[in-house]
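The numbers here are math on the coordinates, done by the rules we state, and not lab data. Just so you know, these numbers come straight off a predicted model, no measurement behind them. Note that each Cβ is placed from the backbone with ideal geometry, even for glycine, and that neighbours are counted across all protein chains shown.
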Amino acid sequence: MVAACLLAGLALRYAPGLRGVLGDTALLRGGVSGRLVFLLAGSAICAVGLPRQLVCFAAGVAYGAPEGIVMASLATLAGAVSGFGWARGVGRASVRRRLGGRLARLDGFVTAHPFSAILTMRLLPVGSALMLNLLAGVSGAGFGPFVLATLLGSLPQTVVFVLLGGGARIGHGWQVVLAGLLFAASAGLGLWLARRMAAREGDAGNAPDMP
């Protein structure tokens, strides 16, 4: 399943014009159809684990901060739900049988604390969004906690890169500065939550391995 995702990612990476679509500001601003094009291209990029920062930056350039945040969030969420649903519907049983060691412990932690675990890992500045989507899909995490934690946990970086895109488009240096501050704050919050949960699980004798 993971190999299939990686192959799909390579296909999208080298598909002519896909990333060019996100750079076509005139197309993306073309009313409802332009927004639909953005959502389709953006969600496809996010679904296969390609950098969603590109999607957020393009949203900032095309739509500015308020609308761009909404559009990038929708594309991110759609891509994450696609990975989650595919893992749960197609490969859940086989992948769970193969989970061992560190992944098995992390799977147990996500199952026991789906919202807090997914929220924390979304906030961390490192890690694979694709692997988290797949792990959540094969774990016992509920769909509702996954969606809410993904939306909230992805929001800080979404805002950061939309602001960067909007600032680059209109030359507002304050947006770039604000984006940097937000990135540092969200990363710090993610690390604090990770340490807090690791300490709590350690006290319970079942500390998870955070990625």
Subtract the Cα-Cα distance of residue 32 and residue 131 from 0.36 nm times their separation in residues, and report this length gain in nm to one decimal.
-> 32.4 nm
Residue-wise HN-Hα coupling along region 137-145, computed from phi with Karplus coefficients 6.51, -1.76, 1.60 (Hz; x: Gly, Pro) | x, 8, 7, x, 5, x, 5, x, x
How far apart, in nm, are the 7 Å Cα→Cβ label points at residue 111 and residue 25?
-> 5.0
Between residue 152 and residue 40, what length in nm is gained on full extension when 0.36 nm per residue of separation is reduced by their alpha carbon distance?
-> 38.2 nm
